[in-house]
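One structure is given below, encoded as structure tokens.
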Amino acid sequence: MLESLMIKDFAIIQDLALEFKKGMTVLTGETGAGKSIIIDAVGLLAGGRGSSEFVRFGSKKCILEGQFSYEPSESLSSLLHQNAIEEEANTLLIQREIFTTGRNVCRINGSMVTIAVLKEIGSQLIDIHGQNEHQELMVSENHIQLLDYFGPKELEVKKKAYQKVYREYRQLEKERKEWVVNEQELIQRMDILKYQVEEIRSAELHSNEEEELKEEEQKLSNHQNIVEALSSSYTILQGEDMSGLDLVGQAMEKMDSISDMDDKFKQIAETLSAAFFQLQEASSDLYSEMDQLEYDEERLNEIEERLNLIQQLKRKYGHSIDDILTHYAQAEAELNKLENREEQVDQLSKKTSQLKLEALRLADELSDMRLKTADKLEKAILEQLKELYMEKVKFSVTFKEMSDDSSSMARLSETGKDRIEFFVATNPGEPLKPLARVASGGELSRMMLAMKTIFSRSQGITSIIFDEVDTGVSGRVAQAIADKIHSVAHHSQVLCITHLPQVAARADQHLYIRKEVRDDRTSTFVEHIVDEERTEEIARMLSGEVLTQLTIETAQELLNLASEKKK
């Protein structure tokens, strides 16, 4: 249930904090006072579509925060776990910020989530039923979903098992058709793959080859410079005339002769000695490099041709030799698969045949379960409609299969083999006709309310919101709707916006919404009213602004009757 709600800078609401109780809460007040704005805020916490237009004029963002308690359920726990949301004593703190830039920030128990995740979790907490929601009943494609809602848990399990098999069949059948239908394309693809595989294989590439070739190419291309540098360096160190190594040796001997006179002289002598032997070693290395150095113009041409080949392959198959080799492995694997396509098609045909039989079997079992559920739903709907003064209405769940061919997959869809539509006859003597074509707005509202009454017991929704679903009714029907909404509150918390005094009188909690102009700004305010204030509000709902003793007494009588019914 929704335990508390905080709204800041949302539409005409500047700052509002509300606490809610179990049972039935009504929100009343003049048109435009902000009742629906509060429901909009709750809807946004359940993942509704946000807009920068919701932000109060002059503010940079609006802030919404709701605390919900819930009964543990496997589906909700799974959702929270999948999205790394911590469960805290069966309580969820949902926060949403909407900025004037259009950016949305959503959090659940402190963890940031997407709007899609918020909507998925919110759908298990809140069900908002507005004035126009009965249009759901006008779309016959929705009727099968409504029937399944009413079904037992076993029906949902069977439906999931069927859908798993059906989706796997569709996927594999798609693959099989691609193998069969696109024979010419497959042959062309094989030719391309054969060429690519052979081209890369014949190149005999290996990792790091390009780097090694470039290094060797650089040496051969700069052969003359390298020879001159090595030769000059060796001559400087070991030339026939006074060489650099001889000069360093003489300096070393001179300093060695006075090294005993001063520690500093000794240190210089040791440094010169170390330098002499290092230069001697360098001289030996230079000689060795010159001895091994040779220029091979043919090898240079080979390297350049090899690098050109690698560059061509890179343009076709990747940015590096490793990319080329990866493409080779993938192309070779695909080619092997295509060369064995007949075996692939045979395997897919066998698998799809098995899945087809399994899907048809599960679809038949699912349909049998729906037939039994439909019978129970018809009786339950008629019972609820009778309490809403629609006792003469006939209601039927009709079944029609997708195809007459019992062995064809054409008779199946994502939901099974059934096409389901609700039929009604609203007046005695009339035949049953599609509900979408014969029911009036008021009748649809009562039918949807009847369904909400039934489904609230089985869907596990913690909070149900009715936004002026009682518009356009009065008298005994209004009283029946009030009683029906209150009966829903036995199973789920109910928040209800209403203009009917009968509905307001049945509430367990009454919130009065008003708007005021303060400092040239309009703001919405909410009061929790009881006793005399509540009696006066219901009296105003009966007669308008002018209160008489009679309307006050009538309002008090409504409250007394409601109190008696609760007992």
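What follows draws every value from the coordinates through simple rules; no lab data is involved. Just so you know, these numbers come straight off a predicted model, no measurement behind them. Cβ atoms come from the backbone with ideal geometry, glycine included; neighbour counts cover every protein chain shown.
Which of Asp148, Asp467, Asp191 comes first, and how do the rest follow, when ranked by fewest Cβ neighbours within 10 Å? Display every interim value, and only then the final one.
Details: Asp148 18, Asp467 22, Asp191 10.
With the sparsest Cβ surroundings first, the list reads Asp191, Asp148, Asp467.
Once every DSSP H run of n ≥ 4 in the chain is given -39500 (n - 2.57) and the sum is divided by its residues, what mean residue ellipticity at 222 nm do you get, rounded to the nearest 500 deg cm²/dmol? All intermediate terms of the calculation are to be shown ahead of the outcome.
On the way: 19 runs with 315 residues, N = 567.
My calculation for the chain gives -18500 deg cm²/dmol from helical runs alone.
Against the longest alpha carbon principal axis of the chain, how many degrees, from 0 to 90 and to the nearest 10, is the axis of helix 321-339 turned?
So the inclination is approximately 60 degrees.
Could you calculate the contour length gain from Asp375 to Gln556, that is, 0.36 nm times the residue separation minus the distance between their Cα atoms, to one decimal place in nm?
Values: separation 181, 0.36 × 181 = 65.16 nm, distance 4.24 nm.
So the chain would gain 60.9 nm between Asp375 and Gln556.
Tell me which label goes with the value of semi-axes √(5λ) of the Cα gyration tensor in Å computed from the coordinates here: (1) 83, 42, 18; (2) 38, 28, 24; (3) 46, 26, 23.
Among (1) 83, 42, 18; (2) 38, 28, 24; (3) 46, 26, 23, the one calculated here is (1).
In what sequence do Arg361, Arg534 fall when counting other Cβ within 10 Å, fewest first? It would help to have the intermediate numbers written out before the result.
Details: Arg361 12, Arg534 21.
Lowest to highest Cβ neighbour count: Arg361, Arg534.
Working from Cα positions, state the angle (0 to 90°, nearest 10) between the long axis of helix 209-221 and the longest principal axis of the chain.
Value to nearest ten degrees: 30.
Taking loop as defined by DSSP and a crowding limit of 14 other beta carbons within 10 Å, which GluC sites (Glu not before Pro) in the range 25-101 fit?
Working: sites: Glu30, Glu53, Glu65, Glu74, Glu86, Glu87, Glu88, Glu97; in loops: Glu30, Glu86, Glu87.
Those that pass, being in a loop and sparsely packed, are Glu30, Glu86, Glu87.
Taking 0.36 nm per residue of sequence separation and subtracting the Cα-Cα distance, how much length would be gained by fully extending the chain between Ser75 and Glu304, in nm to one decimal?
On the way: separation 229, 0.36 × 229 = 82.44 nm, distance 6.48 nm.
Gain in length upon complete extension: 76.0 nm.
So what is Rg over Rh here for the range 356-419, counting just Cα atoms and using Kirkwood for Rh?
Numbers: Rg = 15.2 Å, Rh = 13.3 Å.
Reported Rg/Rh, Kirkwood definition of Rh: 1.15.
For the range 468-567, which GluC sites (Glu not before Pro) are both in a DSSP coil and crowded by at most 13 other Cβ atoms within 10 Å? Before the final figure, lay out each step's value.
On the way: sites: Glu468, Glu516, Glu527, Glu532, Glu533, Glu536, Glu537, Glu545, Glu553, Glu557, Glu564; in loops: Glu468, Glu545.
When the GluC sites (Glu not before Pro) of the range 468-567 are filtered for loop state and at most 13 Cβ neighbours within 10 Å, Glu545 remain.
Around Ser36, under 11 Å between beta carbons, what's the net of Lys plus Arg minus Asp minus Glu among the other residues? Numbers along the way, then the final one.
Working: positive: Lys35; negative: Asp40, Asp467, Glu468.
Charge balance near Ser36 sits at -2.
If the cut-off is a Cα-Cα distance under 12 Å, which aspartates and glutamates reach Lys452, setting aside same-chain residues fewer than 8 apart in sequence?
Asp127, Glu133
Between Glu141 and Thr31, what is 0.36 nm times their sequence separation minus the Cα-Cα distance? Round to one decimal in nm.
Numbers: separation 110, 0.36 × 110 = 39.60 nm, distance 3.47 nm.
Additional length available on full extension: 36.1 nm.
If one computes the Cα centroid of the range 140-160 and of the range 514-558, what distance in Å separates the two points?
Each part reduced to its Cα centre gives a spacing of 44 Å.
In vacuo Debye scattering of the range 463-567, one point per C-alpha: log10 I(q)/I(0) at q = 0.15, 0.17, 0.18, 0.24 Å⁻¹?
Log-scaled intensity ratios, in q order: -0.65, -0.82, -0.91, -1.43.
For a quick check of your reading of the filter: which chymotrypsin sites (Phe, Trp or Tyr not before Pro) in the range 6-70 sit in a DSSP loop and have no more than 15 other Cβ atoms within 10 Å? Can you show the working numbers first?
Numbers: sites: Phe10, Phe20, Phe54, Phe57, Phe68, Tyr70; in loops: Phe20, Phe57, Tyr70.
Passing both the DSSP loop test and the Cβ count: Phe57.
Please list the non-local residues whose amide H lies under 5 Å from the amide H of Asp127, H modeled 1.01 Å from N, same-chain partners needing a gap of 5 or more.
It is Ser463, Ile464, Ile465, by chain and number.
Using the alpha carbon gyration tensor of the range 136-194, what are the three equivalent-ellipsoid semi-axes (square root of 5 times each eigenvalue), largest first, in whole Å?
Working: eigenvalues 353, 43, 9 Å².
So the equivalent ellipsoid measures 42, 15, 7 Å along its semi-axes.
In what sequence do Ile381, Ile552, Ile192 fall when counting other Cβ within 10 Å, fewest first? Numbers along the way, then the final one.
Values: Ile381 23, Ile552 18, Ile192 12.
Ascending Cβ contact count within 10 Å gives the list Ile192, Ile552, Ile381.
Would you mind computing, in nm to one decimal, how far apart the modelled labels at Met261 and Val546 are, each placed 7 Å from Cα along Cα→Cβ?
Inter-label distance under the simple model: 13.2 nm.
Given the range 13-100, what count of lysine pairs have C-alpha atoms under 24 Å apart, with each pair 8 or more places apart or on different chains? Please report the intermediate quantities before stating the final value.
Details: Lys21/Lys35; Lys22/Lys35; Lys35/Lys60; Lys35/Lys61.
Here the count comes out as 4.
Give me the angle, in degrees from 0 to 90, between the Cα long axis of helix 244-257 and the longest principal axis of the Cα atoms of the chain, rounded to the nearest 10.
80 degrees
Taking the Cα centre of each part, how many Å lie between the range 274-289 and the range 44-79?
Here the answer is 78 Å between Cα centres.
Looking at this model, which pairs from Lys164/Lys417; Lys177/Lys417; Lys177/Lys350 are more than 20 angstrom apart at the alpha-carbon? Mind dumping the intermediate values first?
Values: Lys164/Lys417 15 Å; Lys177/Lys417 23 Å; Lys177/Lys350 13 Å.
With Cα atoms farther than 20 Å apart: Lys177/Lys417.
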